Amino acid sequence: EAGVTQFPSHSVIEKGQTVTLRCDPISGHDNLYWYRRVMGKEIKFLLHFVKESKQDESGMPNNRFLAERTGGTYSTLKVQPAELEDSGVYFCASSHRDTQYFGPGTRLTVL
Amino acid sequence: EDQVTQSPEALRLQEGESSSLNCSYTVSGLRGLFWYRQDPGKGPEFLFTLYSAGEEKEKERLKATLTKKESFLHITAPKPEDSATYLCAVSALRGSNSGYALNFGKGTSLLVTP
């Protein structure tokens, strides 16, 4: 069974540019989560989808971040415009019930 | 506010030298406590879920235990391949039954030398 995949693995952009991260969950998992880790800090929750609906977006830092999940399958996380403090590793996870399985992450560097 | 504190931050062991990692937590109502392993450049890999005080789970050289305030990850006779960062996370009881956010600690970086 294929795991959670994320694309790209790395992204380097200039401040003010736009970046879109993609996550493909494990097939059949209705729950999809986004997390991020900034330098020296713990992994922090961003938001949770159940199918195509946003169940909890309490962790989204501001309105420069937009997450979508088309048709309840893959999800995208767009950062527009990117700021220096957005640099970090963005993880996606999916679950059927309790256990969340994580993807390898996208390392975002904003210069 | 939910809090998760892991100790020590880093641990160096000789191969075969058993030890324990600690995860102290504060949560309004515990739904589950999770242990993950993370290797450099990879995402967290699920190890265990514990739901109630007194529960224990084992996998190879690892054993996780849970009390009302903390969890321990015991490593028995570790090998160099056990070197990784071990993450603890909790989820709190909320209205939804269909999934929940994880609140992570900063992790314990374990190095096992031959």
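Computed from the coordinates by the stated procedures, all read-outs in this text should not be read as laboratory data. For clarity, every value in this text was computed on a predicted model and none was experimentally measured. Note that we place each Cβ from the backbone using ideal geometry, even for glycine, and neighbour counts take in every protein chain shown.
Using the Cβ-Cβ distance between residue A:107 and residue B:45 with R0 set to 22 Å, the FRET efficiency from 1/(1 + (r/R0)^6) comes to roughly 0.80.
Extension gain for residue A:51 to residue A:78 (0.36 nm times residue separation, less C-alpha to C-alpha distance): 7.9 nm. A Gaussian network model of chain B, with springs between Cα atoms under 10 Å, assigns the largest mean-square fluctuation among B:85, B:76, B:49 to B:76. When the chymotrypsin sites (Phe, Trp or Tyr not before Pro) in segment B:13-114 are filtered for DSSP coil states and for at most 12 other beta-carbon atoms within 10 Å of their beta-carbon, the remaining sites are B:51.
Each residue of segment B:31-47 was assigned a 3J(HN,Hα) from its phi angle through the Karplus expression (A = 6.51, B = -1.76, C = 1.60, θ = phi - 60°), giving 8, x, 10, 10, 10, 10, 10, 10, 8, x, x, 10, x, x, 10, 5, 10 Hz with x at Gly and Pro. DSSP assigns beta bridges within segment A:5-110; of those with both partners inside it, close to 90 percent run antiparallel.
The antiparallel fraction among DSSP beta bridges confined to the protein assembly as shown stands at about 90%. Measuring between their Cα centroids, segment A:1-50 and segment A:72-111 lie 2 Å from each other.
Among the trypsin sites (Lys or Arg not before Pro) within segment B:1-66, those in coil by DSSP and having at most 14 neighbouring Cβ atoms inside 10 Å are B:42, B:61. With a threshold of 30 Å on the Cα-Cα distance, the over-threshold entries among A:54/B:63; B:57/B:106; A:51/B:69 are A:54/B:63; A:51/B:69.
When A:39, A:60 are sorted by how many other C-beta atoms sit within 10 angstrom of their C-beta, beginning with the fewest, the order is A:39, A:60.
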